[in-house]
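The values are calculated or read from the model by the stated rules, or taken from the named source; none is laboratory data. A quick note: this is a predicted structure, and the numbers were derived from the prediction, not measured. We place every Cβ from the backbone using ideal geometry, glycine too, and count neighbours over all the protein chains shown.
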Amino acid sequence: MKFSFKRPQATEVVSTEKKLIGVRGAMWRAHVDAAGVVRPTDGSATVSWQIAAADQWHDPAREPSTRQKWYAGTPVVETRVRVPGGDVAARIFCVADLGGMTLWEFENESASPVVVGFSRSDVLTSVPSSPPIGTDLPSGSIAVPLGHRGITRIGLLHSRPHTGRLPDDVPRAPAVVRGWETAAEVPSRLVLPDHALSSHIVETRTQLLLNDQLLKDQLLKDLIDLSPHLVVERMRLGETGNEWEMDLSRVAEDVVTSQRRRSHVSWDTPWLLTNIAAVARRLGDEMLADDVAAAMLRLADRDIEDVPQASSDRATSIAWAESTLVRPSLAGGRCTLFPGGVPRTWWGQSFEWHRIAADATRTVSAAVRWHGARPALLWETSGPAGLVIDSAAAEPSWHTTLPSGETLLLEPVAVDDAVSN
């Protein structure tokens with residue numbers, strides 16, 4: 001095939017939004033922007049790429065056809081560029097193989113072969129490479145052929161990068177996505193009708209896992225002031241250590257202090273304090289857990305604000321989603337499902353959740369299926385027996401202490417309809 005190798009025309013550059021990729025347990029991290037440009041945080045060379053089709057070189061940073069998605073909120077990103085006859089997709093992610101590496105997985109969905117221009121040569125490739133011709137990529141770049149409907153992969157080792165052949169058994173993107181989803185489900189698993197919210201929760205958690213060193217290096221007070229919810233969530237994801245336990249204690253103290261002069265307890269306080277106590281017990285810090293439980297009891301005689309109709313920001317999104325489903329009692333030993341009723345946008349759609357904290361020692365899982373206009377609730381608890389479950393907004397007459405079972409709740413009524421009646 002003969003390429004004319006025309007340079008791309010300069011047009012508006014796509015968005016510069018960036019997210020982190022990396023491997024848990026290792027230090028290497030990089031930001032990926034909306035053009036698929038990878039910028040390692042260690043200061044090493046930026047990695048960009050272009051596609052040579054029959055008409056010209058296509059630079060994702062200049063192409064109006066560039067689109068990007070992050071798989072289910074995980075640190076696996078796909079950037080697509082339109083070329084004559086179809087798309088070329090570049091999936092970028094990191095794996096732990098060979099001490100850690102970043103992979104670029106290029107797939108040619110167009111009707112003709114293309115060439116991938118890659119800005120670094122110290123990489124492992126699945127096919128032989130050669131110098132590119134006619135591109136504005138930097139000196140030392142390489143070109144890799146990519147046939148019609150073919151896939152080629154390029155790997156950059158995080159430690160001592162060098163050239164060579166990429167092993168065939170390095171994980172593919174779907175396996176990496178599944179691994180990140182599993183890590184993000186450690187605190188709880190939410191399968192909601194709002195798929196964007198579910199992906200957002202996974203994204204928040206996986207970015208927290210990748211930002212662990214950044215969080216440790218920040219001033220703790222600044223972090224707590226910014227978002228106690230994220231500190232608690234990072235602990236729920238499995239971070240341990242004396243510095244994190246000190247943060248947890250400070251968050252608890254700040255939350256309790258902020259509630260002392262309020263006539264109503266803020267909607268997120270039960271979530272924050274219950275999860276702090278639960279994490280403290282998991283870590284064996286019974287003193288902190290008991291102190292938090294005592295503080296919750298002192299607030300138990302106050303009314304709790306209604307959960308908002310929607311999450312206001314990224315930091316509170318997980319607390320909002322879990323509090324919409326389950327609100328722990330400040331007195332302990334009891335929880336309320338759907339404290340504000342089943343969200344109207346979820347009516348008629350099946351959903352479920354797993355392992356949301358009901359109190360400091362118990363969790364509750366449940367699924368909702370619909371019998372006509374009425375939601376059927378199936379629930380299961382873990383932990384010591386005796387947890388009281390109710391759903392005052394969805395079914396005022398119902399409560400149970402059974403560890404599992406099912407019940408048919410009342411047909412939900414919109415707030416406006418309830419007021420008019």
**Message:** Can you confirm whether F106 is at pLDDT 95 or above, under 26 Å from R165 (Cα atoms), part of a strand (DSSP E or B) and within 17 Å of the chain's Cα centre (by Cα)?
**Reply:** no
**Complete:** From the option list G155, G134, single residue qualifying as in the same structural domain as V88 (by TED's automatic domain parsing) and either closer than 22 Å to V38 by Cβ or assigned to a helix (DSSP H, G or I) (or both) is G155
**Asked** Does the range 309-317 contain at least one residue that is touching a Phe, Trp or Tyr at 6+ places or on another chain (Cβ under 8 Å), surrounded by fewer than 19 Cβ atoms within 10 Å (Cβ to Cβ) and not hydroxyl-bearing (S, T, Y)?
**Response** yes
**Request:** Give the range 144-183 a look and list any residue that's over 15 Å from V47 (Cβ atoms), among the small types (G, A, S) and in contact (Cβ under 8 Å) with a residue 24 or more places away in the chain, or say none.
**Result:** G147, G150, S159, G164, A173, A183
**Asked** over 15 Å from I304 (Cβ atoms), modelled with pLDDT of 95 or more and β-branched (V, I, T): does that describe V368?
**Response** yes
**Fill in**
With criteria (1) more than 27 Å from T274 (Cα to Cα); (2) of a type in the set (D, E, K, R); (3) assigned to a strand (DSSP E or B), E411 comes up short on (3)
**Request:** Please find, within the range 131-172, the residue that is surrounded by the fewest Cβ atoms within 10 Å (Cβ to Cβ) out of those that are of a type in the set (A, V, I, L, M, F, W, C) and modelled with pLDDT under 95.
**Result:** I133
**Asked** Going by the structure shown, is A111 more than 22 Å from S130 (Cβ to Cβ), small (G, A, S) and at pLDDT below 95?
**Response** yes
**Item:** Of the criteria (1) within 18 Å of T257 (Cα to Cα); (2) touching a residue at least 40 places away in the same chain (Cβ under 8 Å); (3) of a type in the set (G, A, S), which one S317 fails
**Value:** (1)
**Whichever residue in the range 173-226 is out of contact with any strand residue (DSSP E or B) (no Cβ under 7 Å at 6 or more places or on another chain) and not in a helix (DSSP H, G or I) and, among such residues, is modelled with the lowest pLDDT** = L219
**Message:** Regarding the range 299-306, can at least one residue be identified that is over 23 Å from the mean Cα position of the chain (by Cα), basic (K, R) and at pLDDT 90 or above?
**Reply:** yes
**Prompt:** Checking D359 against (1) in contact with a Lys or Arg (Cβ under 9 Å, 6 or more places away or on another chain); (2) assigned to a loop (DSSP other than H, G, I, E, B); (3) surrounded by fewer than 19 Cβ atoms within 10 Å (Cβ to Cβ); (4) modelled with pLDDT of 95 or more, which single condition isn't satisfied?
**Reply:** (3)
**Request:** Quickly run through the range 362-375 and pick out the residues that are over 15 Å from F338 (Cβ atoms) and buried (at least 18 other Cβ atoms within 10 Å of the Cβ).
**Result:** R362, T363
**Asked** For the subset of the range 55-83 comprising residues that are in contact (Cβ under 8 Å) with a residue 60 or more places away in the chain and in contact with a Gly (Cβ under 8 Å, 6 or more places away or on another chain), which member is nearest to A96 (Cα to Cα)?
**Response** P75
**Message:** Go through (1) in contact with a strand residue (DSSP E or B) (Cβ under 8 Å, 6 or more places away or on another chain); (2) surrounded by 19 or more Cβ atoms within 10 Å (Cβ to Cβ); (3) under 19 Å from W379 (Cα atoms) for L330 and report which single condition fails.
**Reply:** (3)
**Request:** Examine the range 258-270 for a residue that is outside any loop (DSSP other than H, G, I, E, B), surrounded by 15 or more Cβ atoms within 10 Å (Cβ to Cβ) and out of contact with any Asp or Glu (no Cβ under 9 Å at 6 or more places or on another chain), and state whether such a residue exists.
**Result:** yes
**Message:** T274 - would you say it is in a helix (DSSP H, G or I), in contact with a strand residue (DSSP E or B) (Cβ under 7 Å, 6 or more places away or on another chain) and modelled with pLDDT of 90 or more?
**Reply:** yes
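This table checks each residue for (1) at pLDDT 95 or above; (2) not in a loop (DSSP other than H, G, I, E, B).
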position: L20; (1), (2): no, yes
position: A61; (1), (2): yes, no
position: Q68; (1), (2): yes, yes
position: A72; (1), (2): no, yes
position: R80; (1), (2): yes, yes
position: T102; (1), (2): yes, yes
position: G117; (1), (2): yes, yes
